[in-house]
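What follows is a set of notes on a single structure, which appears directly below.
The values are calculated or read from the model by the stated rules, or taken from the named source; none is laboratory data. Remember, predicted model here, so these are calculated numbers, not experimental data. Please note: Cβ atoms are built from the backbone with ideal geometry, for glycine as well, and neighbour counts cover all protein chains shown. Protein only, heavy atoms only, side chains kept; ligands, DNA and RNA dropped before computing areas. Shrake-Rupley method; radii C 1.70, N 1.55, O 1.52, S 1.80 Å.
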Amino acid sequence: MIRKISEELETNLTAKRYLHTQGVAYTASALAMCHNGDLNLAYLAGLLHDNAKWIEHTKKIELCVIHNIPINENQRNNPDLLHAKLGSFLAKEKYDIQFPDVLSAIEFHTTGKPDMNLLEKIVFIADYIEPNRKPVFNMDEIRHAAFHNIDFSVLLILENTVKDLKEKNNIIDPITFDTLNFYKQKMENR
Ligand SMILES: [Fe+2]
Ligand SMILES: [Fe+2]
């Protein structure tokens, strides 16, 4: 299954996008090894996490409408936001993935969500730290924490993400704030 999906993605994605996809898959499986997760599921979720990202914006909206995937106003104005939810749907329907953890890891890989399970955290982090990513503020610490204190790594990523979105005046999904608050609280209560 993994081989077939890899081949399909390699054919359809640009070299840069395929490189990112592979980076996330390998990083996710390394994190699963470190945290006693299922490395095959981590690899699979990493491979498919952005499967809908490369679909044209109008087509993204069209697919959501056809398949009754709700679109809010933010998402209508910025259809890129739909790629996680649509990607999860397509992982199930197009790639026939039935593992609920893989589907939810794809669905929440950009926003995160409060109290994520291990695979959700792994894909959320792997997307941010994979080796082909441009260096960002605190990247070394985030990468180190990913393997030593996974919740702290999630928190650092959320802090960066919210800061970046605010600076760019981009819309922030409320679930990202909820996630940030959840992990802040969790670290304070340790
Ligand atoms: Fe993504
Ligand atoms: Fe990604």
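In the range 128-151, the qualifying residues are those that are within 17 Å of the chain's Cα centre (by Cα) and within 18 Å of Asp115 (Cα to Cα), and the one that is farthest from ligand 2 (Cβ to nearest atom) is Asp151. Going by the conditions given, is Ala84 more than 11 Å from the chain's Cα centre (by Cα), within 29 Å of Cys34 (Cβ to Cβ), within 16 Å of ligand 2 (Cβ to nearest atom) and not polar (S, T, N, Q)? No; evaluated as a whole, the condition is false for this residue.
Every test in (1) open to solvent by less than 30 Å² (accessible area, probe 1.4 Å); (2) farther than 18 Å from Leu63 by Cα; (3) in a helix (DSSP H, G or I); (4) of a type outside the set (A, V, I, L, M, F, W, C) is passed by Gln75 save one, and that test is (2).
Can you pull out the helices (runs of 4 or more DSSP H) entirely within the range 79-190 that have at least 3 residues that are among the polar types (S, T, N, Q)?
150-167, 174-188
Residues that are out of contact with any helix residue (DSSP H, G or I) (no Cβ under 8 Å at 6 or more places or on another chain) and either more than 15 Å from Asp96 (Cβ to Cβ) or surrounded by 19 or more Cβ atoms within 10 Å (Cβ to Cβ) (or both) within the range 1-20 comprise Glu7, Thr11, Asn12, Thr14, Ala15, Lys16, Arg17, Leu19, His20, listed in sequence order. Take the conditions closer than 29 Å to Ile150 by Cα, open to solvent by 50 Å² or more (accessible area, probe 1.4 Å), away from ligand 1 (no atom under 13 Å from the Cβ) and not β-branched (Val, Ile, Thr) and apply them to Lys113. Does it pass? Spelling it out, Lys113 is indeed closer than 29 Å to Ile150 by Cα, open to solvent by 50 Å² or more (accessible area, probe 1.4 Å), away from ligand 1 (no atom under 13 Å from the Cβ) and not β-branched (Val, Ile, Thr).
Going by the conditions given, is Gly37 within 16 Å of Leu13 (Cα to Cα) and in contact (Cβ under 8 Å) with a residue 24 or more places away in the chain?
Details: within 16 Å of Leu13 (Cα to Cα): no; in contact (Cβ under 8 Å) with a residue 24 or more places away in the chain: yes.
No; evaluated as a whole, the condition is false for this residue.
For the range 21-46, residues that are open to solvent by 50 Å² or more (accessible area, probe 1.4 Å), hydrophobic (A, V, I, L, M, F, W, C) and under 17 Å from Phe99 (Cβ atoms) total 1. A search for C-beta distances below 6 Å between a residue of the range 149-172 that is without any contact (Cβ under 8 Å) to a residue 60 or more places away in the chain and any residue that is surrounded by fewer than 20 Cβ atoms within 10 Å (Cβ to Cβ) and basic (Lys, Arg), counting only pairs 6+ apart in sequence or on different chains, returns Asp151/Lys186.
Let's see how each residue does on (1) away from ligand 1 (no atom under 16 Å from the Cβ); (2) open to solvent by 20 Å² or more (accessible area, probe 1.4 Å):
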site: Glu93; (1), (2): yes, yes
site: Ile97; (1), (2): yes, no
site: Ile106; (1), (2): no, no
site: Phe124; (1), (2): no, no
site: Asn132; (1), (2): no, yes
site: Met139; (1), (2): yes, no
site: Ile142; (1), (2): yes, no
